[in-house]
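Read the structure below first, then the notes.
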Amino acid sequence: MTCTPTKLEGCFIIEPKVIPDERGYFMESFNEKAFADATGLQVHFVQDNQSFSSKGVLRGLHYQTGEYAQAKLVRVITGSVLDVVVDIRPESSTYGQYIAVTLTAENKKQLFIPRGFAHGFLVLEDETTFFYKCDNFYNKASEGGIHFNDPEIGIDWNTGGIDLIISEKDTVLPGIKNAKKAW
């Protein structure tokens, strides 16, 4: 696996080694030891989640707070998304900054998101299956969120005329200044 650091400390784009043959392909989607060797980070995942969405669905920006904060390893199994993470660590030099990465079934890229980041994604194709691993269990009382279109962050979702489908819960999330603190 290749782990490429992003401008946000602790976030890595991961490209697994894909071994194709006449039957299809094989890949190791995650290896804890190889990840630690490549990044210097220790992570142990305890929960897997999966969503299925249509083109235009925008989920996020979400995070867990306090002792229930979560690191995530995200990828796309079918379809494609524009995956976005925002640094919400108040002590960070990149607080309030974001990165956006296109994850597809074809490119097989993954994004590692450490604790202290808000996460969301825009679905770019119908019948997209999004999969992610978490290093901590979900806790409803520890949910946090930031409005996807907060002008303080200025995310370019690059919608290209896609009609957005957003849950009611996500449309009323606060901006970063009024969001629940991550720690």
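Among ASP83, ASP126, which is part of a loop (DSSP other than H, G, I, E, B) and acidic (Asp, Glu)? Walk me through how you get there before you give the answer.
On the way: ASP83 fails: part of a loop (DSSP other than H, G, I, E, B).
Checking each option against the conditions leaves just ASP126.
Consider THR2 carefully, then state whether it is closer than 15 Å to ILE113 by Cα and either among the hydroxyl-bearing types (Ser, Thr, Tyr) or in contact with a helix residue (DSSP H, G or I) (Cβ under 9 Å, 6 or more places away or on another chain) (or both).
Details: closer than 15 Å to ILE113 by Cα: no; either among the hydroxyl-bearing types (Ser, Thr, Tyr) or in contact with a helix residue (DSSP H, G or I) (Cβ under 9 Å, 6 or more places away or on another chain) (or both): yes.
Criteria not met by THR2.
Condition first: loosely packed, with under 11 Cβ neighbours inside 10 Å, polar (S, T, N, Q) and without any contact (Cβ under 8 Å) to a residue 24 or more places away in the chain. Now tell me which residues in region 1-53 satisfy that.
Listed by number, the list holds a single entry, GLN42.
Select from region 21-49 the residues that are out of contact with any strand residue (DSSP E or B) (no Cβ under 8 Å at 6 or more places or on another chain), more than 19 Å from GLY116 (Cα to Cα) and not hydrophobic (A, V, I, L, M, F, W, C) and list them in ascending order.
Residues satisfying the conditions are ASP21, GLU22, ARG23, GLY24, GLU28, ASN31, GLU32, LYS33, ASP37.
When only residues in region 113-128 that are within 14 Å of LYS7 (Cβ to Cβ) and buried (at least 23 other Cβ atoms within 10 Å of the Cβ) count, which is farthest from the chain's Cα centre (by Cα)? Walk me through how you get there before you give the answer.
Going residue by residue through region 113-128, those that are within 14 Å of LYS7 (Cβ to Cβ) are 113-114, 117.
Cutting the leftovers down to buried (at least 23 other Cβ atoms within 10 Å of the Cβ) gives us 113, 117.
On the way: ILE113: 6, PHE117: 9 Å.
Among them, the one singled out is PHE117.
Which residues, counting only those in region 171-183, are in contact (Cβ under 8 Å) with a residue 40 or more places away in the chain, hydrophobic (A, V, I, L, M, F, W, C) and part of a loop (DSSP other than H, G, I, E, B)? Lay out the reasoning, then the answer.
Residues of region 171-183 in contact (Cβ under 8 Å) with a residue 40 or more places away in the chain: 173, 176, 179-183.
Now drop any that are not hydrophobic (A, V, I, L, M, F, W, C), which leaves 173, 176, 179, 182-183.
Scanning region 171-183 gives LEU173, ALA179, ALA182, TRP183.
Listed residues LEU41, LEU8, LEU103; which is assigned to a strand (DSSP E or B) and of a type outside the set (S, T, N, Q)? Full working, then the answer.
On the way: LEU41 fails: assigned to a strand (DSSP E or B); LEU8 fails: assigned to a strand (DSSP E or B).
Residue meeting the stated conditions: LEU103.
All but one of (1) over 30 Å from LYS177 (Cβ atoms); (2) buried (at least 19 other Cβ atoms within 10 Å of the Cβ); (3) basic (Lys, Arg) hold for ARG59, so report the exception by its number.
If we test ARG59 against (1) over 30 Å from LYS177 (Cβ atoms); (2) buried (at least 19 other Cβ atoms within 10 Å of the Cβ); (3) basic (Lys, Arg), just (1) comes out false.
With of a type in the set (Gly, Ala, Ser) and closer than 23 Å to MET27 by Cβ as the only criterion, which of ALA100, ALA141, ALA71, ALA118 stands out? So that I can check it myself, show each step before the final result.
Values: ALA100 fails: closer than 23 Å to MET27 by Cβ; ALA141 fails: closer than 23 Å to MET27 by Cβ; ALA118 fails: closer than 23 Å to MET27 by Cβ.
Residue meeting the stated conditions: ALA71.
Could you please find all residues in region 54-83 being touching a residue at least 60 places away in the same chain (Cβ under 8 Å) and of a type in the set (Asp, Glu)?
The initial filter retains those residues of region 54-83 that are touching a residue at least 60 places away in the same chain (Cβ under 8 Å), namely 54-73, 82.
The one that is touching a residue at least 60 places away in the same chain (Cβ under 8 Å) and of a type in the set (Asp, Glu): GLU67.
Yes or no, residue by residue, for (1) free of Cβ contacts under 8 Å to residues at least 60 places away in the same chain; (2) buried (at least 16 other Cβ atoms within 10 Å of the Cβ):
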| position | (1), (2) |
| --- | --- |
| PHE130 | no, yes |
| LYS133 | no, yes |
| PHE137 | no, no |
| GLU152 | yes, no |
| TRP157 | no, yes |
| ILE165 | no, no |
| LYS169 | yes, no |
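Each value in this text was obtained by applying a stated rule to the coordinates, not by laboratory testing. Source: prediction; values computed, not measured. Note: ideal-geometry Cβ built from the backbone for every residue, glycine included; neighbour counts use all protein chains shown.
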